Structures are given as structure tokens and as C-alpha cells.
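Heads up: the structure comes next, in C-alpha cells.
The values are calculated or read from the model by the stated rules, or taken from the named source; none is laboratory data. Since the structure is predicted, the reported quantities are computational estimates derived from the model, not experimental observations. Quick reminder, even Gly has a Cβ in these numbers, built from the backbone with ideal geometry, and neighbours come from all protein chains shown. To get the accessible areas, we keep the full protein, side chains included, count just its heavy atoms, and leave off ligands, DNA and RNA. Shrake-Rupley method; radii C 1.70, N 1.55, O 1.52, S 1.80 Å.
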Amino acid sequence: MPIGTSDGAPQREGFPLPDAVILNEILRRLELESMCCLASVCRNLRSIVSQALPNLSSLDLSAFSPNGKLLGYIVPRLRAVKSVTIDCLRLDDYSVISILGPRIQELNLLKCTSFSSEVLASIGEKCPNLRILVLELAGDGSSEIFRRNLMKMLKRFNYLEHLSIKVRQTERDEYDLASIVHFLPETLKLLKLQPVNEQEAIHFFEKLRDERKIRSKLVNSNIPPNLTLSGFTLLRLSLVLNLISDRLMTSIATSLPLLVELDLEDRPWTVPSFPHDLTNNGLQFLLFCQNLTHLSVVRSRTNCQVSFKRVNDLGMMLLSESCGRLESIKLGGFSTVTDAGFSSLLRTCHNLKKFEIRNAPLLSDLAFHNIVGVSCPLIELKLQSCNLITSEAVAELASSSTLEVLDTYSCRSIADPCLEYISRLATLTSLNLGGADITDSGLGVLSKGDLPVTNLCLRGCVRVTDRGIISLINGERIKKMLTSLDVGHMPGVSDRAIHAIVSSCEAITELCMRYCFHVTDAAFVTLASGRCGGGKLLQKVDVYHCIRFSDTVVELLQGPLFRGVRWLGVGGISLVKREDFAIKAILCKLPSKIYCTNDNSMAERSKKEIASIKT
């Protein structure tokens with residue numbers, strides 16, 4: 001007998017709640033993927049989910065790469081969607097255009113590799129009410145046609161507040177985005193562009209500064225308000241340029257005084273010469289940005305082994321005095337700054353919660369002396385490729401009650417004593433010890449701590465063996481909480497460690513074991529069988545250059561055992577190297593997966609490094 005409800009509506013047999021409650025109180029809180037999983041349980045739930053789909057306000061298909069057929073099945077059912085996020089790796093012009101409509105206010109198109117720039121003009125025409133637009137483009141075809149369509153799109157937007165465009169170009173400055181800044185809507189509050197030419201960017205910001213001065217004079221004059229110039233007030237700016245210089249920094253700071261976030265990265269092709277470089281004077285101009293809370297200035301070594309050699313401790317002290325409200329700092333490539341400069345930031349910025357330093361050869365433990373007692377507690381600390389950092393720096397943080405993220409990747413002086421201090425951090429959820437000089441004994445100490453770590457990277461810890469991994473995951477808290485584990489580039493890891501990970505880690509969904517030469521087919525069989533009895537499904541698996549794998553790996557993937565895998569790194573192993581078309585045909589039939597055959601980690605997936613697989 002159906003059980004009655006308070007409003008007289010009967011419940012369906014076997015359901016503890018009436019349909020209306022499931023529909024209005026539960027399903028409206030779920031995303032599409034969870035609703036689809038729920039629909040597969042039984043016919044009754046499938047019926048309720050079908051009723052909920054037309055009212056879904058957001059669509060997120062970024063976890064895998066849908067094809068046009070799947071998208072054509074989903075989109076017509078979602079009539080109320082205002083926010084769309086899609087992995088476009090396998091979509092063409094027609095598929096993308098079918099998504100568009102005036103109701104959409106947020107559009108995120110990721111990994112757009114297969115459609116033409118004509119789609120950009122269609123976005124402007126069909127989505128005039130957009131507030132947020134994120135585009136990741138491949139940079140194929142004519143750069144002139146691309147820019148023309150981009151400008152057509154931007155002219156259509158009257159309400160756009162957030163614009164992010166990233167183009168993967170093949171030629172130096174071929175797809176420079178600086179020329180489009182003159183067509184940006186004045187409603188814009190956040191702007192992210194990659195790549196941008198420094199000179200073009202300077203011209204734009206200096207023009208903004210001149211207009212701001214004219215506007216200020218008009219406000220103080222007797223000219224009616226309706227005749228004054230409108231304002232362009234960016235609050236967040238992120239640029240990837242060919243060069244960061246004093247003139248660029250000055251033009252940004254003086255034209256955008258209301259900036260809250262500033263993120264600059266340059267990728268020089270040659271060593272910058274004076275005066276075309278960043279110096280202490282350039283940093284000093286940030287005093288015009290009194291509201292700045294997030295600052296990132298990074299010199300990448302992607303194209304050339306360079307650094308900011310003309311910024312020293314004085315520059316950092318001037319920065320700390322002028323930007324005392326900073327909550328997040330990221331600095332990369334400041335090779336001549338010492339402990340005194342970095343310490344001034346830590347001790348002056350009392351609201352600092354995130355602190356990241358990369359490629360700082362003169363940064364040592366002294367910068368962190370008594371840091372917990374004198375400054376605002378840090379939530380994230382990332383020190384990458386800082387070779388003078390040792391366990392003593394971490395010892396200063398051992399009493400922290402707020403630290404959630406600790407990253408010492410490629411700090412090769414980090415050793416076992418550091419793990420004793422880390423084990424005391426009861427709030428730590430993400431830990432990266434990549435390249436550290438730790439051993440099995442150190443991991444044994446770490447396992448005894450009450451760490452809520454969900455993400456752990458041990459990549460390149462060459463002194464760690466199976467015994468250390470097994471000892472680590474014997475920790476009661478770690479084996480229950482761990483969702484992502486990286487044991488790549490570790491010659492001491494074999495099938496035994498992989499078996500222990502699968503049998504002990506209850507929540508793990510991402511596993512990287514690239515360049516583990518002693519891992520064999522037995523480990524993959526263990527991964528498959530270990531998921532049969534319950535637990536979460538693996539979603540990302542990286543076995544790049546595990547040279548002892550054979551065809552058995554692919555045969556296992558054909559079955560239902562790895563149905564949750566969405567990304568698979570298989571490059572560098574024999575079945576891919578030998579150009580076996582039969583095996584590649586099997587790979588192409590794997591459902592809902594992306595596989596990578598190049599030397600490329602799970603977090604680095606570009607157009608040339610990814611092959612898509614049938615959904």
C-alpha cells in the first residue's frame with residue numbers, strides 16, 4: 001500500500017519521500033552527471049529526473065569530452081540553462097552553435113580545437129546577454145580572420161563582466177590578443193588574456209590613463225554629467241605576455257587604481273636588456289593600487305632560462321610597504337632576492353593567506369624564522385625549486401592551526417626530519433613533496449600523524465620504495481581520506497606498492513605511476529580487481545613509460561572494470577610505441593575516455609598531446 005503524505009499525495013511504493021520532495025528539494029541541488037547516475041537506478045527515478053532536466057540552470061560537461069551526437073541529445077532537454085561549461089575537444093562548429101542562445105549568461109568553452117573562428121561571431125550574435133565568457137582556443141587558421149571574428153563578438157556584448165581568452169599559438173606572437181582590448185565592453189570587471197604583446201598592452205593602458213585624467217577634469221568642470229566620458233573600471237587583470245617591464249607595470253598601476261587582483265606572467269624569448277625589464281622602480285608603482293589583495297608576478301622559463309635579475313630586496317621592501325593589504329602573493333623567477341626581501345612580505349602583509357615562491361635560489365629557512373608568531377596564519381604555502389629550503393623552514397610552521405596546502409616541489413634539501421613536523425599539521429589537506437630527499441622511514445613517521453590529506457605527491461622521491469608506500473597508507477586517516485596520489489618517477493615502486501594502494505585507499509580516484517619501471521601487468525590487474533568489490537572508481541590513471549606493461553592493459557580497459565576512467569596516460573609503453581593499429585583501434589573504442597600518448601601529465605593536456613575517444 002502506498003503511504004499517504006501530509007498533503008494527501010501518495011508516495012510510490014519503495015520510496016521514502018514523495019516525488020515532489022525529490023524533484024524540488026533534492027534534484028535541484030544536483031548537477032547533470034549526478035542526476036544521470038540517479039536516473040539509471042530505476043524507472044521511477046528516471047521519470048523524476050526527466051521532469052527535473054528542463055529546470056536545470058547549469059550544464060557542466062567538462063569532466064569528459066562529449067561528441068556532437070551526445071550534445072544534440074542533451075541540449076534540447078535543457079530549456080532553462082543559463083550557465084554552460086563544456087569540453088569542446090570533439091565538437092565542431094555546428095555542435096557549439098547549437099548550445100548558444102539569449103538565455104545563456106555564463107559560457108565556458110574549454111579545449112576548443114576543432115571549430116573555426118566563425119563560431120566567435122556566432123557567440124556574439126546569439127548570446128548578447130553574456131556576463132561570463134571563457135574560451136580556450138587552439139590558434140589554428142588565419143590569425144587575421146581570428147582577430148576579426150573576435151572583434152565582431154566583443155562589439156555585441158553590453159553586459160559582459162568576466163572575459164577569459166587563452167590561445168595556444170604555434171608562432172611567436174602570431175595570435176597576440178592585445179589588439180582586441182580597444183573593443184572591450186566598459187562593463188568588464190575581470191580580464192584574462194593569453195598571449196599579449198607588451199608594447200600593445202602598454203599603449204592600451206596609457207590610453208586608459210589619459211581618458212581617466214580627462215574624465216577627472218570633466219567631473220570638476222561645469223559640463224553636464226551626461227556628457228562626461230564613461231568609465232572602464234577593471235578590478236581583476238591577468239595577462240601572459242612576452243615581457244614584463246617597468247613601463248608596463250607603471251601603465252597598469254596608474255590606469256587601473258581600483259585593481260583588486262593582478263596576475264602577470266611573461267615568457268621572454270631572449271634575456272631582457274635594460275631598460276626593457278622589470279626593476280625595483282616598476283614594483284614601487286604598485287602603491288597606486290591601494291585595494292590590491294592578490295598579486296602574482298612570474299617570469300617563466302618556457303622559452304628561455306631567464307629571471308628578474310634587476311629586482312632585489314629593496315624592491316620587495318618597497319612592495320610590502322605599498323601593498324600591505326595583500327592576501328595572496330605569487331612570485332616566480334626573482335633570482336637576486338634574498339631572505340630579507342621575502343621576509344619583509346611575510347611580516348608586513350598581515351592579511352596574507354597564500355604565499356607562493358618559485359625559482360628563488362637565495363630563499364632559505366631564515367625567511368620563515370618565528371613566522372607563525374608574528375604574521376597572519378597562512379593557509380597555503382608553496383615553495384618550488386628553492387634549493388636552500390630545508391626541514392627547518394617547515395619546523396617553523398609545525399604549530400600552525402590553519403595551513404591546508406604545503407608544496408615543496410623540487411626543494412631537494414627537504415628530508416625525513418621535515419615529515420615529523422608535517423605530521424603535526426592537523427589541517428593539512430594537500431601535500432607535495434616531489435623531489436624531496438625522503439626515505440621509507442620518513443613516510444612511516446608521516447603515517448602516524450592525524451593528517452586529513454586528500455592530495456599527495458611523492459613524484460621523484462627516488463629513495464622511497466614499496467615498504468615506504470605501504471607504511472604510509474597504513475595510517476588510519478590517510479587511507480580513508482586520500483583521493484589523489486602521485487608515485488611517478490620512483491624506481492623503488494613495484495606491483496607490491498600498487499596492490500597496497502588499491503586494497504587500502506578507500507577514496508582514491510587519481511593515480512599516477514609514470515616512469516615506474518618495475519610496475520607490470522600484475523599491478524593493472526590489481527587495479528581492476530580492486531575496484532570490483534566497492535569503493536570509488538578510478539577517474540584518472542597515468543602509466544606513461546611503464547615499459548613493462550603489455551597488451552593486457554588495453555584488454556582490461558575494454559571491460560567494465562575501468563568504466564569510471566576519464567583520462568588515461570599510456571604513452572611510452574610498448575603497445576603504443578610499436579604502431580600496432582589493432583591495439584589503437586581498441587583504444588579508440590573505449591567509452592568516455594581521453595588518452596594521452598605523449599610525455600604529458602594529467603594536469604597538462606594540450607591539443608597536440610591529446611587524442612579523444614568515443615563517448
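Somewhere in the range 440-450, is a residue part of a loop (DSSP other than H, G, I, E, B) and crowded, with 21+ Cβ neighbours inside 10 Å?
Among the residues of the range 440-450, not one is part of a loop (DSSP other than H, G, I, E, B) and crowded, with 21+ Cβ neighbours inside 10 Å, which makes the answer no.
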Inset, instruction - Kindly provide the set of residues from the range 309-339 that are within 25 Å of Val405 (Cα to Cα), open to solvent by 50 Å² or more (accessible area, probe 1.4 Å) and either of a type in the set (Asp, Glu) or outside any loop (DSSP other than H, G, I, E, B) (or both), ordered by number. - result: Glu327, Lys330
Inset, instruction - Kindly establish whether Val306 is under 19 Å from Leu262 (Cα atoms) and surrounded by fewer than 22 Cβ atoms within 10 Å (Cβ to Cβ). - result: no
Inset, instruction - Collect the residues in the range 348-403 that are closer than 19 Å to Ser335 by Cβ and either in contact with a His (Cβ under 6 Å, 6 or more places away or on another chain) or among the aromatic types (Phe, Trp, Tyr) (or both), keeping them in residue-number order. - result: Phe355
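Have a look at Asp466, Asp486 and point out the one that is crowded, with 21+ Cβ neighbours inside 10 Å, among the charged types (D, E, K, R) and either farther than 20 Å from Ala426 by Cα or modelled with pLDDT of 90 or more (or both). Break it down into steps so the answer makes sense when it comes.
Working: Asp466 fails: crowded, with 21+ Cβ neighbours inside 10 Å.
None of the other options fit; the residue is Asp486.
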Inset, instruction - Using the structure shown, decide if Gly434 is open to solvent by less than 10 Å² (accessible area, probe 1.4 Å) and either within 24 Å of His518 (Cα to Cα) or of a type in the set (S, T, N, Q) (or both). - result: yes
Inset, instruction - Output the residues belonging to the range 356-387 that are under 20 Å from Asn312 (Cβ atoms), of a type in the set (A, V, I, L, M) and buried (at least 18 other Cβ atoms within 10 Å of the Cβ). - result: Ile357, Ala360, Leu362, Leu363, Ala367, Leu383
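Within the range 361-376, can one find any residue that is within 19 Å of Asn455 (Cβ to Cβ) and assigned to a helix (DSSP H, G or I)?
Taking the range 361-376 first, the residues within 19 Å of Asn455 (Cβ to Cβ) are none.
The answer is no, given that none of the residues of the range 361-376 is within 19 Å of Asn455 (Cβ to Cβ) and assigned to a helix (DSSP H, G or I).
Quick grid of which residues meet (1) in a loop (DSSP other than H, G, I, E, B); (2) open to solvent by 10 Å² or more (accessible area, probe 1.4 Å); (3) under 20 Å from Glu261 (Cβ atoms):
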| position | (1), (2), (3) |
| --- | --- |
| Pro275 | yes, yes, no |
| Val298 | no, yes, yes |
| Ser343 | no, yes, no |
| His350 | yes, yes, yes |
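Within the group Leu61, Leu78, Leu89, Leu71, which residue is modelled with pLDDT under 90, more than 26 Å from the chain's Cα centre (by Cα) and buried (at least 17 other Cβ atoms within 10 Å of the Cβ)? Talk me through it step by step, then tell me what you get.
Numbers: Leu61 fails: more than 26 Å from the chain's Cα centre (by Cα); Leu89 fails: more than 26 Å from the chain's Cα centre (by Cα); Leu71 fails: more than 26 Å from the chain's Cα centre (by Cα).
Testing whether each residue is modelled with pLDDT under 90, more than 26 Å from the chain's Cα centre (by Cα) and buried (at least 17 other Cβ atoms within 10 Å of the Cβ) leaves just Leu78.
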